[in-house]
Every structure is written in C-alpha cells, then in structure tokens.
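Visitor: Attaching a single structure in structure tokens format; questions to follow.
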Amino acid sequence: MINKHIILLTLTILVLFSQIVSADLIPEGDFSGTKFIYWCYKISNINDYPEYVFVYPDIAYDNKAGYGIINNQDNCFNFYSNFLTNIYAFKKTEFNEIKTKLNRSFFVPDFFSDFSRNNPGLVIKSSDLKLDVHQSVKLNDPLEKGVITLNIASLTENNLDIQKFKVIYTYKDGTIEEKVFQTQDIVPEPSRTAILPWWIAQLPSLVFYFVVIILLWFAMFWYILLPIIAIVLIIIILLLRRKRLKK
Amino acid sequence: MSIIIQYILALFLTIIVEFIVIWFFIRKNIPKLFLYSVLINSFTLPLATYFYQNILSSFLFIEITVLFVESFLIMWLLEIKYQKALLVSFIANLITSMMSLLLSL
C-alpha cells in the first residue's frame, strides 16, 4: 500500500516541479500568485458608420492577416501590442483594393502609416487608444475580464476621434460592473479586488504539496539512507575491531 | 503524516524488543548492545518493508531472510558463536513478527 503511495507521491512531485519550471518561464499561474485578465475593446456606435471599414493591427502568422476588421458593435477585439493601439477607418468603396495590398504587407502598422501618408483621405487614423490596464492581478482576485467600450465621437475625412466611454468588468461569480471613464487616460478601477494574499486561497493545495514533499523525503530516508547508514556503520565497527585485533 | 509516525514507531518497538532479547542472552555493555540493536534493525527493517511491499509479499520468506541476515550481523557484532546468534535472532524475530501480526489485526 505504501508503495502505491510512493509512486503517487513521486508523480505528484514531478508534476509539481514541472509546474514550478513553467511558472518560472511564464509568469502566470498558481506559483506566481497572479493570473491574466482578458481585456478587449468594443466600439458601441460602429453601426452608425456603414460606409467605413474599421481596422486594427493584429498578429500576422501563417495564413492569418496582420490586421483585424471590426465588423459590428459586439465585436470585441484586442490590440496585440501595447504600442500599436490605433484604429484605422477606410472608405468601404476603397477597401477591397487596399485589402489586396494589406494582405501582402509584412508589417501592417508600417503599411498603415505609409498608406495614410501617401493617400490622405482614404484612410483615417484614430488617436492612440493606449490604456494602462491591469494585465495581471492576484490569483484570488475576483476579476476575470474587462471590456472597454469606445465611442466614435466624430469621423471626418481627416480625423477619427474615438473616445473611451466605459469599462465593463466581469467577475468570477458572473456579476458585471460598469464604470464610466472620467478622464480618457485613466481606466476606472474595479470596485472588487482581492483583499487577502493570493496564497490564502491556495493554502489547502500548498499544505498538500508540503505533506507530499515531507513524505517523499521520508521515503527516501527510510528506504535508502537509513539502511545505507546502518550497514556502513556496522562495516566500520567490524573493520575497526579487526584492525584493533591485528595490533 | 500518520504513515511516518507508524513507520518510526514500528522501528522503535523492534529496536526495543530486540535489544531486550539480546540483553537477555548477552548481559554486557548495555549502551553497546542498544547501539547494535539500532544498527541491525535500521538496516533490516526498512529493507524488509520494501521487499515485502514491492518484491515478494511472503511474510514468512521475508522473516526467514531477516532472521538469517540478523543472525550473521549479531554473530559478527557481538562476537558470539553462530548457533547462539541464530537463537537470539530467532527469538527476537519471533517476538517482533508476532507483535506485528497482532498489531495488524
């Protein structure tokens, strides 16, 4: 029975160590005490501008284009980089032609910049929508998701003014909280945050791992070290005695 | 945790019982006899447990093997004749195995 325990403990320890190693590489998960919050953006009044196509820079890999199209007001999108947080509006009539060039482009943000410089009026770049959001929170934080709702304040041939309107927080228990932006640069804080340290919530599993480690060390001591120490001491006693007798 | 305590308690009881048996036959130098009992049992008990749980679940075979291994260790450590060492080992192991059987019931 103990043997089964030992095998189970060994496997658990291996799993535990592999988790620690991956936690070291990816700073997220049980052992870093943090978790990532999913953030995305929506444009609430995008349907009011049917003659435009709204595009944001995205990650290009394999067959995936390096941009994303915001289709409707329910489309929740992400900026792949914290430094490329602009939205581009194209005239729908021009977009198909631009799209071909866009698909061939290696780095879409560069293409956007060059294209808007060379073709004024065809593409309108929004102001920087960069926001300092909490990408990671304590592991026991009730927050799960944040959705930032944007509003198109004005769209002319030269200017796309997008304003941050509100943030919708979704908590672990499914409750939702809405907070309206007071200033454009500061994200309203969620009302519910973790009060206790992250490891309090993890205490039962930490205790379990602690017990597992103790049992494993004991098993190693019991089955390997103790008999080795005992037999080595017996041999030493016998050798010393033999040496003494020879004298 | 209770597993650890059980193992340590089993070793402690075996050491005490075997020490008393050895002392009954060889009444000299009590600390030395106790040390020998500790060393002999620290060597045989963990290995016997391991063999019983992993390799051969025959209690009788394991006990007989332990009996012979301990008889040689007693002979060498206590510098007594093999017949006497075997007798000491036999009685000590008989008592401890009876105890372990009784405790496991």
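The values are calculated or read from the model by the stated rules, or taken from the named source; none is laboratory data. This one's a predicted model, so the numbers in the text were calculated from it and none came from an experiment. FYI the Cβ positions are ideal-geometry reconstructions off the backbone, even for glycines, and counts take in every protein chain you see. Note: areas computed on protein heavy atoms with side chains; ligands, DNA, RNA excluded. Shrake-Rupley method; radii C 1.70, N 1.55, O 1.52, S 1.80 Å.
Visitor: Being part of a loop (DSSP other than H, G, I, E, B), away from chain A (no Cβ under 11 Å), under 20 Å from A:Leu238 (Cα atoms) and open to solvent by 20 Å² or more (accessible area, probe 1.4 Å), is that true of even one residue in region B:74-86?
Guide: The answer is yes, given that some residue of region B:74-86 is part of a loop (DSSP other than H, G, I, E, B), away from chain A (no Cβ under 11 Å), under 20 Å from A:Leu238 (Cα atoms) and open to solvent by 20 Å² or more (accessible area, probe 1.4 Å).
Visitor: Can B:Gln53 be described as open to solvent by 20 Å² or more (accessible area, probe 1.4 Å) and modelled with pLDDT of 90 or more?
Guide: No, not satisfied.
Visitor: I'd like the residue in region A:191-211 that is assigned to a helix (DSSP H, G or I) and hydroxyl-bearing (Ser, Thr, Tyr) and, out of all such residues, is surrounded by the fewest Cβ atoms within 10 Å (Cβ to Cβ).
Guide: This residue is A:Ser205.
Visitor: If you don't mind, another one. Which count do you get for residues in region A:155-184 that are closer than 30 Å to A:Leu122 by Cβ, open to solvent by 40 Å² or more (accessible area, probe 1.4 Å) and within 25 Å of the chain's Cα centre (by Cα)?
Guide: 2
Visitor: Shifting gears a bit: Give the number of residues within region A:50-70 that are open to solvent by 40 Å² or more (accessible area, probe 1.4 Å) and modelled with pLDDT of 85 or more.
Guide: So the answer is 3.
Visitor: In the set A:Ile237, A:Ile152, which member is closer than 30 Å to A:Phe77 by Cβ, at pLDDT 90 or above and either assigned to a helix (DSSP H, G or I) or open to solvent by less than 60 Å² (accessible area, probe 1.4 Å) (or both)?
Guide: From the options A:Ile237, A:Ile152, the qualifying one is A:Ile152.
Visitor: Does region B:45-58 hold any residues that are closer than 14 Å to B:Leu13 by Cβ and β-branched (Val, Ile, Thr), and which are they?
Guide: Scanning region B:45-58 gives a single hit, B:Thr49.
Visitor: Output the residues belonging to region B:9-18 that are within 23 Å of A:Val211 (Cα to Cα) and open to solvent by less than 40 Å² (accessible area, probe 1.4 Å).
Guide: B:Leu11
Visitor: Among (1) assigned to a helix (DSSP H, G or I); (2) under 16 Å from A:Tyr38 (Cα atoms), which single condition is A:Ile214 missing?
Guide: (2)
Visitor: Taking A:Ile162 as the residue in question, decide whether it is in the same structural domain as A:Phe77 (by TED's automatic domain parsing) and in contact with a Leu (Cβ under 6 Å, 6 or more places away or on another chain).
Guide: yes
Visitor: I would also like to ask the following. Does B:Gln6 count as free of Cβ contacts under 8 Å to residues at least 40 places away in the same chain, within 14 Å of chain A (Cβ to nearest Cβ), closer than 30 Å to A:Tyr209 by Cα and surrounded by 13 or more Cβ atoms within 10 Å (Cβ to Cβ)?
Guide: no
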